[in-house]
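Enquirer: The structure follows.
The values are calculated or read from the model by the stated rules, or taken from the named source; none is laboratory data. Everything numeric in this text was worked out from a predicted model, so none of it was measured. Ideal geometry is used to build each Cβ from the backbone, glycine not excepted, and the neighbour counts take in all protein chains shown. Remember, those area values only see protein heavy atoms, side chains included, never the ligands or the DNA or RNA. Shrake-Rupley method; radii C 1.70, N 1.55, O 1.52, S 1.80 Å.
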Amino acid sequence: MPFVVFSITDKPATYKGIVLDKQSNQPIPQVSIVSSDHVQVTKTNEQGKFTIQVNPANSKKNQLTISCVGYKSVSLILTDDKRELEIKLIPQIQDLTEVTVKKQKYHNKNNPAVDLINKVIANKNKNKKEALDFYENEKYEKVQFALNDITPDFKKKKIFKHFQFVFDNIDTLKNNGKKILPVYLKEEISKYYYQRSPRKVKEIVTAHKAVSLAGFDNKGIEDNIKYLYQDINIYDNNISFLSTQFLSPIAGTAPAFYRYYIMDTIQTGQDKCVRMYFGSRNKEDMLFQGYLYVMLDGSYAIKRVELSVSKDINLNWINDVKVIQEFEKTENNNWMLSSDQISITFGLTKKSRGLFGQKVVSYNNYQFKPLGQENMFKGQAIQVLDSAKRRDNEYWDLHRQLKLSNSEAGTYTTMDSVQKVPAFRRAVNLATVVLFGYEDLGKYEIGPVSTFYMYNPVEGVRFRFGGRTTDKFSKKINIENYLAYGFMDQRFKYYLGGSLSFTDKGLLDFPVKSLKMSYQNETQLPGQQMQFLMEDNFLLSIKRGVNDKLFYNKTFKIEHLNEFESHFSYTLGYKFTNQAPGGSLRFNYTDYLAQGNDVSSLNISEFYLNLRYAPHESFYQGKTFRIPFYSKYPIFELRYNVGSKAWKNDYNYQTLRFSIRKRFLLSFLGYSDVVWEAGKIFGKVPYPLLNIPQANQTYSYQIESYNMMNFLEFVTDQYTSLLIDHSFNGFFFNKIPIMKHLNWREMLTCKVLYGDLTKTNDPKNNDDLLRLPVEPDGTPITYTMGRTPYIEGSIGIGNIFKFFRVDLVKRFTYLNNPNVSEYGIRMRFRFDF
């Protein structure tokens, strides 16, 4: 094998070649070509030819390893003056006394590949990094998104008339040679610290740099990217990936679900390892496929892993996935992760051009001594230094572990130039209206557009117009207002509110510390929590059954929100509401149906405290809302309200509500979203102040509402509820030959509410409490619960056309109540991977 001196260049070098059988001189297809840093990997085509790009600055020995089953592996030193290679492999001679070829069913028993993987499983607790007492390392992370497969015809499209300059920044993928156009780049340099007992982790971000997109929540974009590209630990039993969970090929139960085949033995320097292929027994299950490189030094550690997913599994918007992780032996003889590369090609269809996204992480400078600083782990697990976003180019050039290509380096300036083009700003403005519902006018934005029109039987046709100030007006002060009018009740409704930030960041930038004051004259459906549902959204105007009961509320509110880096927050506030009945609602003490009202309105004066803890929560921050990304961590919330005649409340009472939300990931069986809640009212209150379960009389499926319950059908002063919403992610449909092509997903939901109305708050026992609503003929409308809980369940099909979920909902109890149905069909818009 020849060795020559290598001359280093700054630009990636492209090498082309052909691999031949030395005896027959015939080309060999599917030969693996791997660079010495294992960042560039390719295979020969049917003619034995290959193309690979190698960045000398990133390579340690600047060589290629050429390997194929049945041939001896070859390592080849690269030179700058020889870019055309001809490589001849020598067949691996094996002494075989007899060869019998027959088709056999795959078995784990007496399978050397399974025996080897069982040794990997038996030793993984000592090989995983979490088994170490201490370690620290330096980390460099690069995330890139690019338009994929840029062709000459694509560049001529009319939409790029004003953006031809961006094509000067085209790059080439190393694995397939396709042209890509980078549109986003984020880099981060950090130091990571780990302690096993007690378990503590800390990541200090020392440098951060990213493309900033005007008009979008850039922090939310970065959080979304982190959610998509979660760190993969091959030693975990279950691996969260692309918003779902995959069983690791070295999990304890993996041999029951994966097939394993030993391909060959590879010698690289002093290291000898087995290359093993693995794939799912059922190709439709949410499982990986790929290669494991297992060390034969007695440790049975993983040296390298290559992961991909079958095209038959039920994933949306994903055309291709490739994960490559490389481990290196450190000074303490542990195999630690040295490089991590996740590449995903996104597309509307399997054949569409789509978007190429790649996360590349490099780890080095591992140390295994005690940290020696007791306060090292105080504060947030991830700490971003104030200077991280102010690093100059000299700092980045010195500390980057991986050199940027010319195209990658040009992404920052190219995207900055794009955002200055008027056509791009117009497109962003249109996207803002479509995605967020706001039209940006500079210092003021109009919206949300979905609230401009609605209809209900009490207000009739209703128009609303309003908006809010933007960051161009002030980052610390926000003013929001609207004016609405109902043509049937002939009443104006309005809102005026202002917020003040106590931080130097924007009012919505986490962690928020703000003071908000508002006055609102508005309607409210009984039991509807307006922070969860926007009733004046025109999509919710169509309702089933009777919908003629509402409150007219005049509310003054002032509250202080304080969020902490630990994702604990508290809201302390005061609210005064003058509440009057509307539609067919009455406030009467003796005869509910009597003309007029014994009480024209109620005065509700409350102080409240809301505590919320959402560990490790990440979310996308919209214009007026947050969309959380689900994780394995629960969310706790406790709310306490107190009303007293001492501050002009008509009643003395206290309310307490507690809830826990959690997503349970069940590997290839899908996931379950579970919500448990309980509440109690202490004191005597009329029915408008009781707990009114959140019913849903629209035809949309609402996850945390009771979809077969009527408005104001039940009242309680103490209750507990449980919601379980499970998605099987196509586990069953994927195994049915015709249906698996539809990519539908099975949904199963159960909702249980058990509540009670004590004698203290039952109007039957108290003449000084308002009567519960009844029909004109005296038939009760509002009921109390006995020993029987309210139960409803649904069977649904999700991922219809990748966007819709349709449920058949069944109500199991209280079927004799008036105006109720046992079955119903509900639909929901839902976006999932």
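Enquirer: How many of the residues making up the stretch 437-456 are touching a Lys or Arg at 6+ places or on another chain (Cβ under 9 Å), exposed (fewer than 15 other Cβ atoms within 10 Å of the Cβ), of a type outside the set (Gly, Ala, Ser) and in a loop (DSSP other than H, G, I, E, B)?
Expert: 1
Enquirer: Here's another thing I want to ask about it. Looking at 631, 659, 605, 600 in this structure, which one is surrounded by 16 or more Cβ atoms within 10 Å (Cβ to Cβ) and more than 30 Å from residue 229 (Cα to Cα)? Give the derivation first.
Expert: Numbers: 631 fails: more than 30 Å from residue 229 (Cα to Cα); 659 fails: more than 30 Å from residue 229 (Cα to Cα); 600 fails: surrounded by 16 or more Cβ atoms within 10 Å (Cβ to Cβ).
Residue meeting the stated conditions: 605.
Enquirer: Give the stretch 483-499 a look and list any residue that's surrounded by 16 or more Cβ atoms within 10 Å (Cβ to Cβ) and closer than 16 Å to residue 553 by Cα, or say none.
Expert: 484, 485, 486, 489, 491, 493, 495, 497
Enquirer: Which ones in the stretch 1-44 are assigned to a loop (DSSP other than H, G, I, E, B), modelled with pLDDT under 80 and closer than 26 Å to residue 358 by Cβ?
Expert: 8, 9, 10, 11, 12, 30, 36, 37, 38, 39, 40
Enquirer: Being surrounded by 15 or more Cβ atoms within 10 Å (Cβ to Cβ) and over 44 Å from the mean Cα position of the chain (by Cα) is the filter; apply it to the stretch 66-85 and report the residue that is modelled with the highest pLDDT. Show your work before the answer.
Expert: Within the stretch 66-85, the subset surrounded by 15 or more Cβ atoms within 10 Å (Cβ to Cβ) is 66-68, 71-79, 85.
Narrowing further to those that are over 44 Å from the mean Cα position of the chain (by Cα): 71-72, 79, 85.
On the way: 71: 77, 72: 81, 79: 80, 85: 87.
For the stretch 66-85, the residue satisfying everything is 85.
Yes/no matrix, rows are residues, columns are (1) touching a residue at least 12 places away in the same chain (Cβ under 8 Å); (2) open to solvent by 10 Å² or more (accessible area, probe 1.4 Å); (3) within 25 Å of residue 829 (Cβ to Cβ); (4) in a strand (DSSP E or B):
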{"residue": "676", "(1), (2), (3), (4)": "yes, yes, no, yes"}
{"residue": "682", "(1), (2), (3), (4)": "yes, yes, no, yes"}
{"residue": "704", "(1), (2), (3), (4)": "yes, yes, yes, no"}
{"residue": "709", "(1), (2), (3), (4)": "yes, no, yes, no"}
{"residue": "719", "(1), (2), (3), (4)": "yes, yes, no, yes"}
{"residue": "724", "(1), (2), (3), (4)": "yes, yes, yes, yes"}
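Enquirer: Pull up the stretch 320-358, narrow it to residues that are within 19 Å of residue 126 (Cβ to Cβ) and not in a strand (DSSP E or B), then point me to the one that is most open to solvent (accessible area, probe 1.4 Å).
Expert: Checked the stretch 320-358; the qualifying residue most open to solvent (accessible area, probe 1.4 Å) is 331.
Enquirer: Residues to consider are 555, 590, 577; find the one that is open to solvent by 50 Å² or more (accessible area, probe 1.4 Å), β-branched (Val, Ile, Thr), more than 28 Å from the chain's Cα centre (by Cα) and farther than 30 Å from residue 634 by Cβ.
Expert: After applying the criteria, what remains is 590.
Enquirer: Spot the failing condition for residue 689; the list is (1) buried (at least 17 other Cβ atoms within 10 Å of the Cβ); (2) under 36 Å from the mean Cα position of the chain (by Cα); (3) hydrophobic (A, V, I, L, M, F, W, C), and only one is missed.
Expert: Against the list (1) buried (at least 17 other Cβ atoms within 10 Å of the Cβ); (2) under 36 Å from the mean Cα position of the chain (by Cα); (3) hydrophobic (A, V, I, L, M, F, W, C), residue 689 comes up short only on (2).
Enquirer: Would you check if residue 561 is open to solvent by 40 Å² or more (accessible area, probe 1.4 Å), of a type in the set (A, V, I, L, M), within 30 Å of residue 382 (Cα to Cα) and within 29 Å of the chain's Cα centre (by Cα)?
Expert: Yes: the conditions hold for residue 561.
Enquirer: Something else: Would you check which residues across the stretch 385-420 are over 14 Å from residue 210 (Cα atoms) and surrounded by 17 or more Cβ atoms within 10 Å (Cβ to Cβ) and list them?
Expert: The first filter runs over the stretch 385-420 and keeps only residues over 14 Å from residue 210 (Cα atoms), leaving 385-387, 394-395, 397-403, 405-407, 417-420.
Those that are over 14 Å from residue 210 (Cα atoms) and surrounded by 17 or more Cβ atoms within 10 Å (Cβ to Cβ): 401, 402, 405, 407, 418.
Enquirer: Right, here's the next one. Taking the conditions exactly as written (among the β-branched types (Val, Ile, Thr) and either farther than 26 Å from residue 586 by Cβ or touching a residue at least 40 places away in the same chain (Cβ under 8 Å) (or both)), does residue 655 satisfy them or not?
Expert: Taking the combined requirement at face value, the residue does not satisfy it.
Enquirer: Could I ask something else about it? Give the number of residues within the stretch 498-517 that are assigned to a strand (DSSP E or B) and either basic (Lys, Arg) or touching a residue at least 40 places away in the same chain (Cβ under 8 Å) (or both). Let's see the steps before the verdict.
Expert: Our first condition is that a residue be assigned to a strand (DSSP E or B); within the stretch 498-517, this holds for 498-501, 513-517.
Then keep just the ones that are either basic (Lys, Arg) or touching a residue at least 40 places away in the same chain (Cβ under 8 Å) (or both); that gives 513-517.
Matching residues across the stretch 498-517 total 5.
Enquirer: Check off (1) touching a residue at least 24 places away in the same chain (Cβ under 8 Å); (2) farther than 26 Å from residue 128 by Cβ; (3) β-branched (Val, Ile, Thr); (4) assigned to a helix (DSSP H, G or I) for residue 159 and give me the number that stays unchecked.
Expert: (1)
Enquirer: So which residues in the stretch 277-307 are more than 16 Å from residue 114 (Cα to Cα), without any contact (Cβ under 8 Å) to a residue 40 or more places away in the chain and either out of contact with any strand residue (DSSP E or B) (no Cβ under 6 Å at 6 or more places or on another chain) or open to solvent by 30 Å² or more (accessible area, probe 1.4 Å) (or both), if there are any at all?
Expert: 283, 297, 298
Enquirer: Counting just the residues of the stretch 233-258 that are over 19 Å from residue 123 (Cα atoms) and either open to solvent by 40 Å² or more (accessible area, probe 1.4 Å) or of a type in the set (Val, Ile, Thr) (or both), which one comes out modelled with the highest pLDDT?
Expert: Among those residues, the one meeting the criterion is 257.
Enquirer: Please identify the pairs in which a residue from the stretch 126-143 that is in contact (Cβ under 8 Å) with a residue 60 or more places away in the chain has its Cβ atom under 9 Å from the Cβ atom of a residue that is among the β-branched types (Val, Ile, Thr) and in a loop (DSSP other than H, G, I, E, B), counting only partners at least 6 apart or on another chain.
Expert: Going by the 9 Å Cβ cut-off, the qualifying pairs are 128/234; 135/330.
Enquirer: Also, quick follow-up: Among the residues of the stretch 173-213 satisfying the criterion of being of a type outside the set (D, E, K, R) and touching a Lys or Arg at 6+ places or on another chain (Cβ under 6 Å), which is most open to solvent (accessible area, probe 1.4 Å)?
Expert: 192
Enquirer: Consider residue 615 carefully, then state whether it is of a type outside the set (Gly, Ala, Ser), surrounded by fewer than 16 Cβ atoms within 10 Å (Cβ to Cβ) and without any contact (Cβ under 8 Å) to a residue 24 or more places away in the chain.
Expert: no
Enquirer: Okay, next question. So how many residues does the stretch 308-318 have that are part of a strand (DSSP E or B) and buried (at least 17 other Cβ atoms within 10 Å of the Cβ)? Break it down stepwise before answering.
Expert: Here is the first cut: in the stretch 308-318, the residues part of a strand (DSSP E or B) are 308-309, 318.
So of that shortlist, the ones also buried (at least 17 other Cβ atoms within 10 Å of the Cβ) come out as 309, 318.
Residues in the stretch 308-318 being part of a strand (DSSP E or B) and buried (at least 17 other Cβ atoms within 10 Å of the Cβ): 2 in total.
Enquirer: Does residue 434 meet the test of being open to solvent by less than 50 Å² (accessible area, probe 1.4 Å) and either touching a residue at least 60 places away in the same chain (Cβ under 8 Å) or farther than 30 Å from residue 568 by Cβ (or both)?
Expert: no
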